[in-house]
Structures are given as structure tokens and as C-alpha cells.
Amino acid sequence: MTEPNNAQLRITFAEHDECGESCSCCGPSTRSAQWTDTARSVRWLSWISLVWMTIEGGAGMVAGIRAGSIALLGWALSSVVEGLASVIVIWRFTGARTHSETAERTAQRWVAVSFWLLAPYVAVQSILDLASGHRPAHSLLGIVLTAASLVLMPVLGRAKHRLGAQLDSAATAGEGTQNLLCAALAGAVLVGLALNSTLGWWWADPVIGLLIAAVAVNEGRESWRGEDCC
């Protein structure tokens, strides 16, 4: 068997050193530290989301009740559900649960359930409003709130999707999906409020409410299966 010469040994050591600087295979301690830092970032993002959702949900429900708008009220309730998802992710990445696969799966399932909590009320009330011809009033507060959500939520949602992929955390990605869903629904509700205020298209409000319910059911199913992280 031929002994390796000095040149071959130098190449081998150089490759080892290069891997030590750049590869993900260089030891669990480095990966663990990076993973823990990312988990901490997720936890802080969830706290920011929770504070905003508390403000948004409370003000949105007041605006929705005053205007008699099921779409606006349903969107505000979705903010409450998103706040619940934030609490679940904070729980997931606190203390010993941070590195627990069991906690990840539990959090993922609870995020899915939080989607399903929203759908029944919004769907039933939307159908009743369509059947009765209920006409929501103009809501300037609702327009301001949905416009603000349309700007902020995509930023939070994309960040959580990116970090969720790094952590292989479907719960984190599911919360990010809720943020993106909030932005999409805010846009739809904003259009409905504008159509009702300018053209008198009252039916746009309950139709958008039905859309909110349908999307919530679908996203809950995907979150339950853990598909958000992909």
C-alpha cells in the first residue's frame, strides 16, 4: 500500500480547514449555538406579533361592531387567532421545550387548531348577512387598520417563514403563514370597505367574510400536516 506523500497530506488538511470554516458538518456545538440564536429571534418576532395583534384585534373588533361589518369583524378575530399562534410559538421556544421535537409537534397542531377556531363564526355570519341583505356602515378606522396590516404583516410573515425553514419548525412557518394570510385578508377587507363606501356594494363584505373562512380552514389543514415548513 502506497504511503501518502507530503503534497497529498497538505491538500487533505487544507480541505479539512476549509470545512471547519464553512460547512455545516463541523460539530454539533456550532450548529446548536446557531440554532439557539435563531430560536431566540423567532421568540422575539412572536412577541412583537403578539403586541401588534392585541392592538389590531381590539381596535378591529370595535370598528367591525360599530360598522356592522362581518368581514372587518372576521379579520379582527383572525388577529386574535394570530395572537394565539404567537403565544403557542413563544411557548414552543421557551426553556427546555426549545430543543424538544415533542413540543414542536404539539405547537404545530395547536397552530392548526387556531386556524379552525376562526372559520365557523365568520362563515355562518357571512351567510346570514347575505341572506338578510345586511348593509355595513362606512368605517374609517377599519380602513386605517387594514392598510397598516397590509404593510407590516408581510414583513413578519416572510421573516418567520425563513427562520422556520432554518429551524425545521412547522409551527414557526405556520405562524408566518397566518401573518401573510392576515395581510392578504386585510387587502381583501380593505377593498370590500372601499367598495361599500364608494359604490354601495354591501354584498362584497359578507362574500369576503366567506373567503376568510375558507382560507382559514385550508391553512389549518396544511398546518396540521406540517406542510407550511416546506
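The values are calculated or read from the model by the stated rules, or taken from the named source; none is laboratory data. Just so it is clear, the structure is predicted and the values come from calculations on it, not from any experiment. For neighbour counting, all protein chains shown are included, and Cβ atoms are generated from backbone atoms with ideal geometry for every residue, glycine included. When the accessible area is computed, the model is the full protein with side chains, heavy atoms only, and any ligands, DNA or RNA have been set aside. Shrake-Rupley method; radii C 1.70, N 1.55, O 1.52, S 1.80 Å.
All conditions in (1) at pLDDT below 85; (2) open to solvent by 60 Å² or more (accessible area, probe 1.4 Å) hold for Val81, with the sole exception of (2).
For the range 218-227, how many residues meet the condition of being surrounded by fewer than 16 Cβ atoms within 10 Å (Cβ to Cβ) and part of a helix (DSSP H, G or I)? Walk me through it before giving the result.
The initial filter retains those residues of the range 218-227 that are surrounded by fewer than 16 Cβ atoms within 10 Å (Cβ to Cβ), namely 218, 221, 225, 227.
Still in the list and also part of a helix (DSSP H, G or I): 218, 221, 225.
Counting residues in the range 218-227 that are surrounded by fewer than 16 Cβ atoms within 10 Å (Cβ to Cβ) and part of a helix (DSSP H, G or I) gives 3.
Scoring Cys23 on the criteria (1) open to solvent by 30 Å² or more (accessible area, probe 1.4 Å); (2) closer than 30 Å to Ala173 by Cβ; (3) at pLDDT 50 or above leaves a single failure, condition (3). Only one entry of Gly192, Gly187 meets the criterion of being over 18 Å from Leu45 (Cα atoms) and open to solvent by less than 10 Å² (accessible area, probe 1.4 Å), and that entry is Gly192.
All conditions but one from (1) open to solvent by 20 Å² or more (accessible area, probe 1.4 Å); (2) farther than 18 Å from Leu211 by Cα apply to Ala103; the one that does not is (1).
If you check Ser78 against the conditions, is it hydroxyl-bearing (Ser, Thr, Tyr), within 21 Å of Ala216 (Cβ to Cβ) and within 14 Å of the chain's Cα centre (by Cα)? Before you say what the answer is, go through the steps one by one.
Working: hydroxyl-bearing (Ser, Thr, Tyr): yes; within 21 Å of Ala216 (Cβ to Cβ): yes; within 14 Å of the chain's Cα centre (by Cα): yes.
Yes; evaluated as a whole, the condition is true for this residue.
Go through the residues of the range 128-140 one by one and say whether even a single one is in contact with a Lys or Arg (Cβ under 8 Å, 6 or more places away or on another chain) and within 30 Å of Trp203 (Cβ to Cβ).
Let us first name the residues in the range 128-140 that are in contact with a Lys or Arg (Cβ under 8 Å, 6 or more places away or on another chain), namely 137, 139.
So of that shortlist, the ones also within 30 Å of Trp203 (Cβ to Cβ) come out as 137, 139.
Yes; the residues of the range 128-140 include at least one that is in contact with a Lys or Arg (Cβ under 8 Å, 6 or more places away or on another chain) and within 30 Å of Trp203 (Cβ to Cβ).
For the range 115-156, taking the residues that are open to solvent by 40 Å² or more (accessible area, probe 1.4 Å) and of a type in the set (Phe, Trp, Tyr), the one that is modelled with the lowest pLDDT is identified as Tyr121.
Do the conditions hold for Val113, that is, is it of a type in the set (A, V, I, L, M) and free of Cβ contacts under 8 Å to residues at least 60 places away in the same chain? It would help to see each step written out before you state the result.
On the way: of a type in the set (A, V, I, L, M): yes; free of Cβ contacts under 8 Å to residues at least 60 places away in the same chain: no.
Judged against the criteria, Val113 is not a match.
With respect to the conditions (1) assigned to a loop (DSSP other than H, G, I, E, B); (2) within 30 Å of Ser32 (Cβ to Cβ), Ala137 lacks only one, and its number is (2). Selection of the range 35-72 for residues being of a type in the set (S, T, N, Q) and open to solvent by 70 Å² or more (accessible area, probe 1.4 Å) yields only Thr54.
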